[in-house]
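Here the structure comes first, spelled out in structure tokens, and everything after it is commentary.
The values are calculated or read from the model by the stated rules, or taken from the named source; none is laboratory data. Quantities reported herein were computed from a predicted structural model and do not represent experimental measurements. Cβ placement follows ideal geometry from the backbone for every residue including glycine, while neighbour counts extend to all protein chains displayed.
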Amino acid sequence: MVIVKNIRNIIFFYTIAIIIFTASALAIKNVGLADYPKPFIENGVLNSIIIVGENAHAGDTIGALDMAISLSFLVESRVIMLDTEIDNIKEQNIIVVGGPCVNMAAAELLGWPLKCDNDFEPGKAKIKLFDNGNNIALLVAGYSVYDTTMACRVLVNYADYNLAGNEIEVAGTILNNFIIETVE
């Protein structure tokens with residue numbers, strides 16, 4: 001009798017855990033780029049960090065700074081950190097600036113591609129949301145530093161663009177108007 005009761009309790013708690021996990025995962029999946037800057041802002045405070053690669057071009061850092069300034073929310077800690085300063089990218093919400101060639105956090109998000117510029121084209125950048133465990137990761141990366149800067153400028157001026165979906169492609173140059181397409 002005691003064993004049956006213990007088994008029922010285990011099954012009950014296991015079922016509750018699955019329901020909570022499923023609800024959390026579904027909530028994360030329902031976040032899209034149209035919600036930006038949420039979920040990176042909570043109660044008027046930036047609740048994430050922006051990660052740039054230790055070996056990244058200065059333009060990536062400038063893009064990250066521009067994004068941090070554009071959010072203009074209260075900051076409770078360091079906002080921008082190097083990829084080498086992060087032990088676990090799944091511990092919090094993150095915005096990763098720069099592609100996998102210059103940012104290890106980007107490489108991890110993209111599954112450690114064998115060729116670091118795989119899936120990137122000259123003159124184009126991507127802004128992509130990732131389910132990052134219990135958190136959300138946003139990748140802002142292009143083929144070159146100029147392409148990454150172009151994508152950062154889109155997020156700096158996010159209110160001027162109709163961001164949608166979980167991934168968009170930005171094309172053009174940093175000096176011209178951008179073409180933005182939702183990636184399905």
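Checked against (1) crowded, with 17+ Cβ neighbours inside 10 Å; (2) in a strand (DSSP E or B), Asp131 passes all but condition (1).
Of all the residues in segment 145-184, those that are over 22 Å from Pro100 (Cα atoms), polar (S, T, N, Q) and either at pLDDT 85 or above or touching a helix residue (DSSP H, G or I) at 6+ places or on another chain (Cβ under 6 Å) (or both) number 2.
One residue is enough: does segment 80-90 have a residue meeting the conditions within 16 Å of Phe40 (Cα to Cα), not in a strand (DSSP E or B) and not β-branched (Val, Ile, Thr)? Yes, segment 80-90 contains at least one residue that is within 16 Å of Phe40 (Cα to Cα), not in a strand (DSSP E or B) and not β-branched (Val, Ile, Thr). Residue check: Glu181 meets all listed conditions (1) surrounded by 17 or more Cβ atoms within 10 Å (Cβ to Cβ); (2) part of a strand (DSSP E or B) but one, namely (1). Reported count of residues in segment 127-181, each being over 16 Å from Pro39 (Cβ atoms), out of contact with any strand residue (DSSP E or B) (no Cβ under 8 Å at 6 or more places or on another chain) and touching a residue at least 12 places away in the same chain (Cβ under 8 Å), is 8.
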